[in-house]
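Heads up: the structure comes next, in structure tokens.
The values are calculated or read from the model by the stated rules, or taken from the named source; none is laboratory data. The model shown is predicted, which means the values in this text are computed figures rather than measured ones. Because the Cβ atoms are built from the backbone with ideal geometry, glycine has one as well, and the counts that use them run over all protein chains shown. Protein only, heavy atoms only, side chains kept; ligands, DNA and RNA dropped before computing areas. Shrake-Rupley method; radii C 1.70, N 1.55, O 1.52, S 1.80 Å.
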Amino acid sequence: MRLASATTVAVMLVSGIAGAQSPAPATPHAADGKVDLNGIWGVAPLPAAVKPGDSVRWLLPLKGVDPEGNDVFKGLDRVQVNARAAAPNKPEYKPELLAKVKEFSDRQGVLDPAFYCKPQGVPRMGPPTQIVQTPGQVVFLYSASNLFRVIPTDGRPHRADADPSYMGDSIGRFEGDTLVVDVTNFNDDTWLASDGYFHTEKMHVVERLTRRGDVLTYTATVDDPDVLVKPWTSAPRALKLSTSMSDALLEAPPCVEHDAPHIVTLDHH
């Protein structure tokens, strides 16, 4: 395979992007006055400089990697890991736990729970693909994993009888045009991300989903005083409302783990 240049690999090409650059529409509200979050979310808003019908190419630099050599994918892994390590916004672990985080990250390919078809859990699974909202509750649907969450918004407290789980116990409330989801009662069999960012069962997550017109912004704040120096808030993710019937959710193929016995390197996955 011949690559574009000695330092750059084109990793994605999207043609014929649809949608118009126009003023944001008004934010709709349901009959009960709460912001209306119903819909399929996930179509990324167009960058300001992109016009409908344009093609967009994402380029990932692989500095120091020979595109004609045999280490392109190792180089890609190295660049991604180093970029995430240098990112300013990442969980800050207690000094005595940094070696454990590094060990988990170095061995991510064999230690990451999600690699074994386990749920990624909150907040790693990110925002929902579709939201179904009714008075007193919202339902989050996740297309990639066939998972769902039922989140009461009727003022009830957290359940006292629920066992710890991958997605925890969620309750929601509305603050203006923002749905605030409070999540507790996790097991410790998930990571916050693929770089060894583990947590304990004491983790507490607050998700915020804010609608402005046809754009939904998602953030999650993680507090786990047993391992983190301070609460960590994920970078905001903006999702555009889909108006195409072709974006309706389909059942994803089941995850069946067959790779673990064949792993021969510790490259990230």
Fill in the blank from the handout: Expected single match for among the aliphatic types (A, V, I, L, M) and open to solvent by 40 Å² or more (accessible area, probe 1.4 Å) among Val256, Val206 is Val256
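Determine which member of the set Gly126, Gly19, Gly53 is in a loop (DSSP other than H, G, I, E, B), open to solvent by less than 60 Å² (accessible area, probe 1.4 Å) and at pLDDT 90 or above. Show your work before the answer.
Working: Gly19 fails: at pLDDT 90 or above; Gly53 fails: at pLDDT 90 or above.
Answer to the selection: Gly126.
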Completion exercise
Restricting the stretch 77-104 to residues that are in contact (Cβ under 8 Å) with a residue 24 or more places away in the chain and within 18 Å of the chain's Cα centre (by Cα), the one surrounded by the fewest Cβ atoms within 10 Å (Cβ to Cβ) turns out to be Asn89
Completion exercise
Ser194 passes all but one of the listed conditions (1) of a type outside the set (A, V, I, L, M, F, W, C); (2) in contact with a strand residue (DSSP E or B) (Cβ under 6 Å, 6 or more places away or on another chain); (3) in contact (Cβ under 8 Å) with a residue 40 or more places away in the chain; the exception is number (2)
Practice task
Could you grab me the full set of residues in the stretch 242-269 that are at pLDDT 80 or above and either in a loop (DSSP other than H, G, I, E, B) or in contact with a Leu (Cβ under 7 Å, 6 or more places away or on another chain) (or both)?
Solution key: Ser242, Thr243, Ser244, Ala248, Leu249, Leu250, Glu251, Ala252, Pro253, Pro254, Cys255, Val256
Handout entry: Meets criteria (over 17 Å from the mean Cα position of the chain (by Cα) and under 30 Å from Thr27 (Cα atoms)) for Ile131
Key = no
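Table: residues versus (1) touching a Lys or Arg at 6+ places or on another chain (Cβ under 8 Å); (2) among the aliphatic types (A, V, I, L, M); (3) crowded, with 18+ Cβ neighbours inside 10 Å; (4) in contact (Cβ under 8 Å) with a residue 60 or more places away in the chain.
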residue: Gly109; (1), (2), (3), (4): no, no, yes, yes
residue: Gln120; (1), (2), (3), (4): no, no, yes, yes
residue: Gly136; (1), (2), (3), (4): no, no, no, no
residue: Leu141; (1), (2), (3), (4): no, yes, no, yes
residue: Asp154; (1), (2), (3), (4): no, no, no, no
residue: Asp163; (1), (2), (3), (4): no, no, no, no
residue: Asp169; (1), (2), (3), (4): yes, no, yes, no
residue: Gly176; (1), (2), (3), (4): no, no, no, yes
residue: Val183; (1), (2), (3), (4): no, yes, yes, yes
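Mind checking whether some residue in the stretch 214-225 is small (Gly, Ala, Ser) and in contact with a strand residue (DSSP E or B) (Cβ under 7 Å, 6 or more places away or on another chain)? Break it down into steps so the answer makes sense when it comes.
We begin by selecting, within the stretch 214-225, every residue small (Gly, Ala, Ser); these are 220.
Within this subset, residues satisfying the condition of being in contact with a strand residue (DSSP E or B) (Cβ under 7 Å, 6 or more places away or on another chain) are 220.
Yes, the stretch 214-225 contains a residue that is small (Gly, Ala, Ser) and in contact with a strand residue (DSSP E or B) (Cβ under 7 Å, 6 or more places away or on another chain).
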Fill in the blank from the handout: Among the residues of the stretch 216-231, the number that are open to solvent by 40 Å² or more (accessible area, probe 1.4 Å) and touching a residue at least 60 places away in the same chain (Cβ under 8 Å) is 2
Problem - Criterion violated by Arg237 - all others in (1) touching a residue at least 60 places away in the same chain (Cβ under 8 Å); (2) over 25 Å from Val81 (Cβ atoms) satisfied - result: (2)
